[in-house]
Amino acid sequence: MWSRRAILTLTPSLGEGVAARHEFLGYNSHVSIVDFGFRMAYKAAYQMMRVYWRLARPTTRGALVAIWQNDEILLVRNSYVSYYCVPGGYIKGTETPVMAAVRELAEEVGIRATPEELTLGLHEAHSWEGKTDEVSIFDLDVKERPVFQVDNREVVDAEFFTPQYALELNLFPLLRRHIEARLAKHA
């Protein structure tokens with residue numbers, strides 16, 4: 001149920017109302033109205049895609065990149081979902097999973113990598129939101145903490161976490177499985 005405060009803070013206003021609106025939506029208060037518009041467009045598009053997936057039951061292919069530095073993993077938060085994930089997205093046309101992983105890494109957080117630097121950590125198909133989702137998760141182990149940047153539209157946050165802390169968060173299910181497997185392997 002919406003509280004009176006939540007409804008009031010969703011209306012356009014200046015000053016504290018804008019910050020409260022962003023706080024209510026789970027975002028930081030440094031969001032331009034243009035970025036906010038993009039976020040709402042991503043959220044609406046994602047909800048429409050979920051309806052399509054439930055009706056058409058397609059098979060999708062995706063590639064994700066888990067960046068590991070000093071036993072910590074870089075997680076991202078997208079504006080249109082409630083869970084944390086790692087940079088990644090859909091495989092386009094004739095792309096291989098590793099090619100898509102390299103492209104998505106650059107698009108989502110501005111990190112450049114070569115296919116040779118990535119190692120396949122998990123490849124699995126699972127049922128997700130009405131579709132069959134075939135996902136490849138690649139690992140990128142780096143010595144130095146990379147400089148990364150989010151667009152504040154699709155990707156709204158990126159931060160390094162210990163795997164133990166990451167497992168306490170709401171994670172994309174296959175990412176959770178991948179982190180658990182990596183922890184078991186390095187135990």
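The figures follow:
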| quantity | calculated |
| --- | --- |
| Residue identified as over 28 Å from residue 174 (Cα atoms), charged (D, E, K, R) and either at pLDDT below 95 or surrounded by 14 or more Cβ atoms within 10 Å (Cβ to Cβ) (or both) among 21, 39 | 21 |
| Qualifying residues in the range 142-159 (those that are in contact with a strand residue (DSSP E or B) (Cβ under 8 Å, 6 or more places away or on another chain) and either farther than 28 Å from residue 45 by Cα or among the hydroxyl-bearing types (Ser, Thr, Tyr) (or both)) - the one surrounded by the most Cβ atoms within 10 Å (Cβ to Cβ) | 146 |
| All positions within the range 125-164 that are among the β-branched types (Val, Ile, Thr) and in a strand (DSSP E or B) | 132, 135, 137, 155, 156 |
| Selected residue [modelled with pLDDT of 95 or more, within 25 Å of residue 41 (Cα to Cα) and either more than 13 Å from the chain's Cα centre (by Cα) or assigned by TED's automatic domain parsing to the domain that holds residue 88 (or both)] from 113, 106 | 106 |
| Residues within the range 75-124 that are in contact (Cβ under 8 Å) with a residue 60 or more places away in the chain and part of a strand (DSSP E or B), tallied | 7 |
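The values are calculated or read from the model by the stated rules, or taken from the named source; none is laboratory data. What you see is a predicted model; the values in this text were computed from it and never measured. As a convention, Cβ positions derive from the backbone with ideal geometry for all residues, glycine included, and neighbour counts pool all protein chains shown.
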